[in-house]
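The values are calculated or read from the model by the stated rules, or taken from the named source; none is laboratory data. In this text, all values refer to a predicted model and were calculated from it rather than measured experimentally. Here the Cβ positions follow ideal geometry from the backbone for every residue, glycine too, while neighbour counts run over all protein chains shown. We work out accessible area using only protein heavy atoms, side chains counted, and drop any ligands, DNA or RNA first. Shrake-Rupley method; radii C 1.70, N 1.55, O 1.52, S 1.80 Å.
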Amino acid sequence: MAQDDKFKKLVSHCKEYGFIFQSSEVYDGLSAVYDYGPYGVELKNNIKKYWWDSMVQMHENIVGIDAAIFMHPKTWKASGHVDAFSDPLVDNKGSNKRYRADQLIEGYMDKIEGKINKEITKAKKRFGDAFNEEEFRATNGRVLDNAKKHEAVRLRLAAAMTNEDMADLKAMLEEYKINCPVSGSNDWTDVRMFNLMFYTQLGNVAGEEGKLYLRPETAQGIFVNFLNVQKTTRQKLPFGIAQIGKAFRNEIVARQFIFRMREFEQMEMQFFIKPGTQKEWYAYWKEYRLKWHTALGTAPEKFRFHDHDNLAFYADAAVDIEFEFPFGFKELEGIHSRTNHDLSSHQELSGRKLQYFDPQENESYVPYVVETSIGCDRMFLAMMSNALQEETVPDAKGKDSTRIVLKLPPALAPNKCAILPLLKNKEELTTKAREVFNKLKIHFKCQYDEKDAIGRRYRRQDAIGTPYCVTIDFDTLEDNTVTIRDRDTLEQIRVSIDEVAEIVSKKVDMKHLLA
RNA sequence: GCGAAUAUAGCUUAAUUGGUAAAGUUCCUGACUUCCAAUCAGGAGACAUCGGUUCGAUUCCGAUUAUUCGCUCCA
């Protein structure tokens with residue numbers, strides 16, 4: 001199957017079987033926003049549980065929180081999001097290149113300054129030792145003209161940036177004939193202020209006062225709660241705080257189905273450590289997180305580490321765990337050594353100490369942090385794309401037929417077990433099957449289905465990844481045994497009804513993944 | 001965001017050089033059926049949205065929305 005084709009099939013499979021729908025579909029959808037359907041939400045919840053248990057339940061020094069999506073605006077000042085990601089962008093229609101409008105104008109100002117400097121150099125040569133630069137600057141006509149121009153541009157740019165006057169930035173590009181360095185064209189699109197963060201209003205007073213951002217990452221909720229958590233749970237370094245939650249980024253280009261969405265869910269853990277130990281913890285988490293992935297049975301060659309070439313301003317080491325999606329190897333999870341950047345910066349801006357008293361060293365310091373951060377939706381997509389397969393299997397007459405099967409790890413599958421009476425027009429069978437269903441549904445997610453031929457029902461369960469099907473036939477009525485059919489091998493075993501819960505539980509339980 | 005392409009039923013795809021549309025599959029009802037997408041009978045379901053040209057638009061034109069690909073972006 002071609003890669004494009006495979007991706008297309010995955011997307012329609014997700015829709016057809018109720019995993020993922022486009023948001024607000026009846027209104028033609030909303031760009032890069034998706035909803036999880038009945039089976040999708042089960043799978044997603046199972047992924048979250050596997051992550052949470054592996055991180056929180058399995059580590060006595062990791063605890064969880066659930067911070068609010070809204071945070072004090074200063075949070076994003078401290079984290080660097082406000083300043084670093086708010087740019088006036090403009091595209092040149094000739095070259096289709098994108099620039100920051102303010103940088104283009106600054107480039108123009110540099111050019112004017114170049115002219116002034118040229119005059120000065122020329123004059124220096126002419127007057128020799130007698131040259132007085134200050135006097136020359138104050139008196140030379142051409143220099144004065146250019147200096148005046150430079151100052152005018154500078155003030156206008158500053159005003160436009162302060163007032164976010166995008167129209168004036170565009171007007172400046174046109175008036176000063178600032179052309180695209182690539183195409184030489186002056187044909188610009190409108191200038192747009194682009195900020196990666198969404199914002200909304202707190203209270204009903206409009207204006208800067210109540211301006212609130214939707215968090216672009218969950219990490220800051222952990223950082224600002226660092227001391228609360230450490231003190232209330234009496235943690236000693238090293239310890240971690242885990243969180244699963246929504247984050248929002250106004251991506252310029254959000255594409256590839258749920259791979260890059262504007263609203264998405266992160267599963268993050270910040271591990272607080274003694275400065276100087278970051279290398280070993282970074283290595284520990286790198287290994288632990290990869291193990292979490294491969295424990296699910298996904299082929300190891302589907303994963304690879306990718307070291308960051310350009311480290312973010314806060315990091316001293318960063319690696320991605322990449323997964324081979326249908327559209328190639330892409331980032332699935334990040335492991336970052338964030339130093340003490342975040343805590344220090346919150347400490348500075350809030351004026352509150354965010355330090356840990358180390359009883360062994362008998363001193364206080366700002367801990368270092370190693371972060372693991374995985375996109376829940378990306379994990380979902382990885383699991384789906386890895387699981388969706390087409391197989392050739394023999395049909396009732398022994399001929400080849402195509403089977404579409406979702407080979408999800410049993411622990412993550414939306415349904416664990418389907419309960420199927422062999423025939424629906426025999427009441428003894430359906431009654432018995434209902435009995436079995438009611439017995440099993442206490443243990444794990446089950447589905448009862450009596451419609452259509454048994455083979456079709458097996459295939460339907462295959463398509464949504466149900467690992468086991470229990471069939472009630474005429475023997476069941478005699479001796480209280482049923483068959484359990486395995487999704488992957490198609491093999492059936494006959495067992496007593498009383499054993500089903502235990503047998504299936506053992507196979508679909510998360511325990512063996514965590515151990 | 002720029003450029004290109006695309007948009008027909010839940011899904012996959014036809015046809016209409018401008019006269020409101022076909023099929024497979026799915027779904028619903030019933031019959032039948034003793035283990036891997038059986039069969040029979042009946043039924044439901046679509047031209048993305050808005051506007052223009054036209055006697056008449058699913059078809060032509062424009063805009064919008066969405067999707068895909070390339071470029072760009074991805075702290």
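Using a Förster distance of 30 Å, how high is the FRET efficiency between A:D358 and A:I65, based on the Cβ-Cβ distance and rounded to 0.05?
Efficiency, from the Cβ-Cβ distance: 0.85.
For segment A:1-158, what is the convex hull volume of its Cα atoms per residue in Å³?
It is 334 Å³ per residue.
Sketch the reach of a paramagnetic label on A:Y284 as a point 7 Å from Cα along Cα-to-Cβ, and name the residues of segment A:363-393 whose backbone nitrogen lies under 14 Å away.
A:368-372
Treating only the Cβ atoms of Lys and Arg (+1) and Asp and Glu (-1) as charged, compute the dipole magnitude of segment A:415-514 about its Cα centre; round to the nearest 20 debye.
520
How large is the helix-only mean residue ellipticity at 222 nm for chain A, computed as the sum of -39500 (n - 2.57) over DSSP H runs with n ≥ 4, divided by its residue count, in deg cm²/dmol to the nearest 500?
Calculated at 222 nm, the ellipticity per residue is -12000 deg cm²/dmol.
Only Cα pairs under 8 Å and at least 6 apart count here; give the relative contact order of segment A:415-514 as a rounded whole percent.
29
In Å and on Cα atoms, what radius of gyration and Dmax does segment A:415-514 show?
Both quantities, over Cα of segment A:415-514: 12.6, 44 Å.
So how far apart, in nm, are the two label points at A:T392 and A:R234 if each is 7 Å from Cα heading toward Cβ?
About 6.6 nm separates the two model spin labels.
Given A:T431, A:F127, A:V393, which one lies farthest toward the positive end of the charge dipole of chain A, if we put +1 on the Cβ of every Lys and Arg and -1 on the Cβ of every Asp and Glu?
So the residue furthest toward the plus end is A:F127.
Summarise the long-distance tail of P(r) for segment A:90-194 by giving the % of C-alpha pairs beyond 21 Å.
So the portion of pairs separated by more than 21 Å is 44 percent.
Students sometimes get this wrong: rank A:K432, A:K507, A:K8 by accessible area, probe 1.4 Å, all chains present, largest first.
Sorted descending by solvent-accessible area, the residues read A:K8, A:K507, A:K432.
Starting from one equal scatterer on each C-alpha and no solvent at all, send me the Debye-based log10 I(q)/I(0) for chain A at q = 0.06 Å⁻¹, two decimals.
Debye curve over Cα of chain A, log10 I(q)/I(0) at q = 0.06 Å⁻¹: -0.44.
How far apart, in nm, are the 7 Å Cα→Cβ label points at A:L196 and A:T121?
Each label point is offset 7 Å from its Cα along the Cβ direction, giving 3.9 nm.
What residue among A:S12, A:V33, A:I105 has its Cα farthest toward the positive end of the dipole of chain A, where the charges are +1 on Lys, Arg and -1 on Asp, Glu, each on the Cβ?
Going by the Cα projections, it comes out as A:I105.
Take every DSSP beta bridge with both residues inside chain A and express the antiparallel ones as a percent of the total, to the nearest 5.
Among the beta bridges of chain A, antiparallel pairing accounts for roughly 85 percent.
What is the local net charge at A:T476, summed over the other residues whose Cβ is closer than 15 Å to its Cβ (Lys, Arg +1; Asp, Glu -1)?
Surrounding charge for A:T476 is -3.
Suppose R0 equals 30 Å; then what is the FRET efficiency for A:T294 and A:E16 from their Cβ-Cβ distance, rounded to the nearest 0.05?
Taking R0 as 30 Å, the efficiency between A:T294 and A:E16 is 0.50.
If I take every Cα pair under 8 Å that is 6 or more residues apart in chain A, average their sequence separation and divide by the length, what percent do I get for the relative contact order?
13
Per residue, how many Å² of accessible area does chain A show with a 1.4 Å probe?
Heavy-atom SASA per residue in chain A reads 52 Å².
Taking the mean number of other Cβ atoms within 10 Å as a proxy for protection, how do you rank A:132-142, A:480-490 from highest to lowest?
Per-residue mean Cβ counts within 10 Å order the peptides as A:480-490, A:132-142.
Can you tell me the dipole magnitude for chain A around its Cα centre, using point charges on the Cβ only (Lys, Arg +1; Asp, Glu -1), in Debye to the nearest 20?
380
With only alpha-carbon atoms counted, please give the Rg and Dmax of segment A:298-383, in Å.
For segment A:298-383, the Cα radius of gyration and maximum Cα-Cα distance read 17.2, 53 Å.
With a 1.4 Å probe and all protein chains kept in place, how much accessible area does A:K49 have, in Å² rounded to the nearest 10?
Taking all protein chains as shown, A:K49 has close to 100 Å².
Could you sort A:H341, A:H512 by accessible area so the largest value comes first, with the probe set to 1.4 Å?
Listed by decreasing accessible area, they come as A:H512, A:H341.
To the nearest 0.05, what FRET efficiency results for A:A158 and A:V26 with a Förster distance of 56 Å applied to their C-beta separation?
Efficiency computed from Cβ-Cβ geometry: 0.75.
Order the following by accessible area, largest value first: A:K124, A:K426. Probe radius 1.4 Å; ligands, DNA and RNA are ignored.
A:K124, A:K426
Dipole of chain A (Lys/Arg Cβ +1, Asp/Glu Cβ -1, origin at the Cα centre): which of A:F271, A:F257, A:L477 lies farthest to the positive side?
The Cα lying farthest towards the positive end belongs to A:F257.
What is the dipole size for segment A:90-194, taken about its Cα centre, with +1 at each Lys and Arg Cβ and -1 at each Asp and Glu Cβ, in debye to the nearest 20?
440
If all Cα-Cα distances of segment A:223-312 are sorted into 10 Å bins from 0 onward, what percent lands in each bin, rounded to whole numbers?
12, 29, 40, 18, 1
Are there any helices in chain A, counted as whole DSSP H runs, that stretch 27 Å or more along their axis by Cα and score at least 0.0 on average by Kyte-Doolittle, and if so which?
The qualifying helices: there are none.
Sort A:281-288, A:114-121, A:214-221, A:394-401 by the packing proxy (mean of other Cβ within 10 Å over each peptide's residues), most packed first.
Per-residue Cβ counts within 10 Å, averaged per peptide and sorted highest first, yield A:214-221, A:281-288, A:114-121, A:394-401.
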